[in-house]
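Structure first, commentary second.
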Amino acid sequence: MSTHRTEKDSMGEVMVPETAYWGAQTQRAIDNFPVSGITFAVPFIQSLAMIKKACAGVHRDLGLLDPKIADAIEHVCEEIIEGQHYDQFPLDIFQTGSGTSTNMNMNEVVATRANEILSGSKKTSSPVHPNDHVNRGQSSNDVIPAAIHVSAALQTKETFLPALEALHKAIVDKQRSFRNVVKTGRTHLMDAMPLTLEQEMSGWASQVAHAKERIESALPGLLELAVGGTAVGTGVNSPEGFGGRVADKLSKLTGTHFREAANHFEAQSSQDAVASLSGQLKSYASVLIKICNDLRWMNSGPNSGLGEIRVPSLQPGSSIMPGKVNPVIPEAARMAAVQVIGNDAVISLSNAMGEFQLNVMLPVIAHNVLQSIRLLANVSRLLAEKTITGFEVDEQRIAELLERNPILATVLNPIIGYDKAAEVAKKAMREKKTIREVVVEMGYLTARQAEDILDPKKMTNPDAAKEGR
């Protein structure tokens, strides 16, 4: 038996694997673009199938498509949405910049599978034709931008924002138990005035909460879809009101309120909304790096570092040093965050390359934004589950470091003046004594005064201390 079959397109005959649902145009793209081995993410393929399903439904409703053909197209699209046939989408993301190859890949797969359902034969163009029926009223130039928006919006809502909420909750829940843990603050990586661990972690929680708000603010732009603009934004070959009708069907299908783009010329020549989302993803990536850096520094040691906390031991940390355990989750999260920052640079440059009526960097934009969403969602959950909820505090170590902190002399400024306070601090550092010991030795305070004034807990809430609380 032959392992291949012959398919035809406007350029001639092409040999296609017998098991493939794709046709000649997909095969040409397979042969033309062996670049990276990176294929489109599943959410993008599913979103493209959703659009094809919605388009078929609109054409059936308008009496422009045989109901049997429309039903078969919808059936196949539903199979793809549910996770079937993903092996039928092998195209590299580094391909024609409009994503035409992937649009035709979808058209051919849907048509061939629909024909198999209707006739029992794996035919690419009869009775369902990839262009005339599956791609009816569409162009790659409006469908691919729409699929980017749909997939990015759904992934942000369904995976990323819940992950942010989980991380925020983990931080807030954990910080409550550290209300009375007073530790050395640090600025410039140098000892500074004390604060509670709860206060320190509240900064992380606030950063995550604000990042979530900024990302949510970028979502409305993604809900506008280019579909209906066809080739250059004029809507040629699509029925009147097509874009709005497709958006309505997608809204019902996904539970997300999509709408037709207000201006199709903008929607097809730029990916501004995706660039905006990517910018907020980059901002959140920097938040993650900051939190992970704090965790790694506080966990450093166990003997020669800060050693204030112990993150959960998840795996051996060295192939040569027995007993070594590393903060692997914060490390993985930082790497993912750095990748996201790089992805944003790719998206920004790609968005700038929209010439006239079409941006021809669409596949790489789709890949990078969906990868950024996936990476940040995954590492946020891992950080919450495997580090934040499980780290332990070494209160004895924290107290020892705090007791030796020479910067506690800061509270002496209003009492003995800055110059004398500086003398106290320098003497304490030089002689490796506490501020409390030195200020009494130098005769500036009595032991009782020093005990009261140099209470680190009071320094974490000066207003309450003044009121005697």
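Some values worked out for this structure:
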{"quantity": "Ranking of 257, 129 by count of other Cβ atoms within 10 Å, fewest first", "calculated": "257, 129"}
{"quantity": "Centroid-to-centroid separation of the stretch 391-439 and the stretch 120-178 [C-alpha atoms, Å]", "calculated": "55 Å"}
{"quantity": "3J(HN,Hα) from dihedral phi, the stretch 174-190, Karplus parametrisation 6.51/-1.76/1.60, rounded to Hz, x for glycine, proline", "calculated": "6, 5, 4, 7, 10, 4, 9, 8, 8, 9, 6, x, 9, 10, 6, 6, 10"}
{"quantity": "Likely footprinting exposure, 133, 210, fewest C-beta neighbours within 10 Å first", "calculated": "210, 133"}
{"quantity": "In order through the stretch 209-224: 3J(HN,Hα) via Karplus (6.51 cos²θ - 1.76 cosθ + 1.60), integer Hz, x for Gly, Pro", "calculated": "4, 5, 4, 4, 4, 5, 5, 4, 5, 8, 5, x, x, 6, 7, 8"}
{"quantity": "Neighbourhood net charge (11 Å Cβ-Cβ; Lys/Arg +1, Asp/Glu -1) for residue 266", "calculated": "-2"}
{"quantity": "Positive-end extreme of charge dipole, the chain - chosen from 83, 233, 319 (charges on Cβ)", "calculated": "319"}
{"quantity": "Calculated from backbone phi, Karplus (6.51, -1.76, 1.60) coupling profile of the stretch 226-232 in Hz, x at Gly/Pro", "calculated": "6, 4, x, x, 6, 5, 10"}
{"quantity": "Cut-off 12 Å between beta-carbons: net charge of the residues surrounding residue 281, Lys and Arg +1, Asp and Glu -1", "calculated": "+3"}
{"quantity": "Whichever lysines have a C-alpha closer than 21 Å to that of residue 68, once near sequence neighbours (fewer than 8 apart) are set aside", "calculated": "52, 53, 122, 123, 249"}
{"quantity": "Positive-end extreme of charge dipole, the chain - chosen from 445, 3, 93 (charges on Cβ)", "calculated": "445"}
{"quantity": "Cα coordinate range in the stretch 404-466, projected on the principal axes (Å, largest first)", "calculated": "32, 20, 19"}
{"quantity": "Loop GluC sites (Glu not before Pro), the stretch 23-121 (other Cβ atoms within 10 Å of the site Cβ: 16 or fewer; DSSP)", "calculated": "82"}
{"quantity": "Rounded D (µm²/s) - the stretch 19-70, Kirkwood Rh over Cα pairs, Stokes-Einstein at 4 °C, 1.567 mPa s", "calculated": "96 µm²/s"}
{"quantity": "Local electrostatic count at residue 157 - Lys and Arg +1, Asp and Glu -1, tallied over other residues with Cβ under 13 Å", "calculated": "-2"}
{"quantity": "Expected 222 nm ellipticity per residue - DSSP helices of 4 or more, -39500 (n - 2.57), all of the chain, to 500", "calculated": "-18000 deg cm²/dmol"}
{"quantity": "Principal-axis tilt of helix 242-254 within the chain, Cα atoms, nearest 10 degrees", "calculated": "50 degrees"}
{"quantity": "Among 391, 194, 130 - extreme Cα towards positive end, dipole of the chain, charges at beta-carbon", "calculated": "194"}
{"quantity": "Amide H contacts of residue 5 (H built 1.01 Å from N, under 5 Å, at least 5 apart or other chain)", "calculated": "16, 18"}
{"quantity": "Debye-sum result for the stretch 1-145 in log10 I(q)/I(0), which assumes one identical scatterer on each alpha carbon, at q = 0.10, 0.13, 0.20 Å⁻¹", "calculated": "-0.30, -0.51, -1.26"}
{"quantity": "Order of 290, 427, 174 - criterion: other Cβ atoms within 10 Å of each residue's Cβ, fewest first", "calculated": "290, 427, 174"}
{"quantity": "Size of charge dipole - the chain - debye, nearest 20, with Cβ of Lys, Arg +1 and Asp, Glu -1, no other charges", "calculated": "1320 debye"}
{"quantity": "Principal axis dimensions, largest first and in whole angstrom, of the chain by Cα", "calculated": "99, 51, 35"}
{"quantity": "Alpha-carbon radius of gyration plus Dmax, which is the widest Cα pair, for the stretch 349-446 in Å", "calculated": "27.6, 80"}
{"quantity": "Dipole moment magnitude, nearest 20 debye, the stretch 340-435 about Cα centre, only Lys, Arg, Asp, Glu C-beta charged", "calculated": "340 debye"}
{"quantity": "The stretch 14-47: chymotrypsin sites (Phe, Trp or Tyr not before Pro) falling in loop per DSSP and having at most 12 other Cβ within 10 Å", "calculated": "none"}
{"quantity": "Check: the stretch 4-121 dipole with +1 on Lys, Arg Cβ and -1 on Asp, Glu Cβ, in debye", "calculated": "180 debye"}
{"quantity": "Three-way shape label, the stretch 258-376, alpha-carbon gyration tensor, a/c 1.5", "calculated": "prolate"}
{"quantity": "Cα gyration tensor shape for the stretch 244-290, rounded if a/c is under 1.5, else prolate or oblate", "calculated": "oblate"}
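Only the coordinates and a few stated rules stand behind these numbers; no lab work does. Because the structure is predicted, anything quoted here is derived from the model rather than measured. Reconstructed Cβ throughout: ideal geometry from the backbone, glycine too, with neighbour counts over all protein chains shown.
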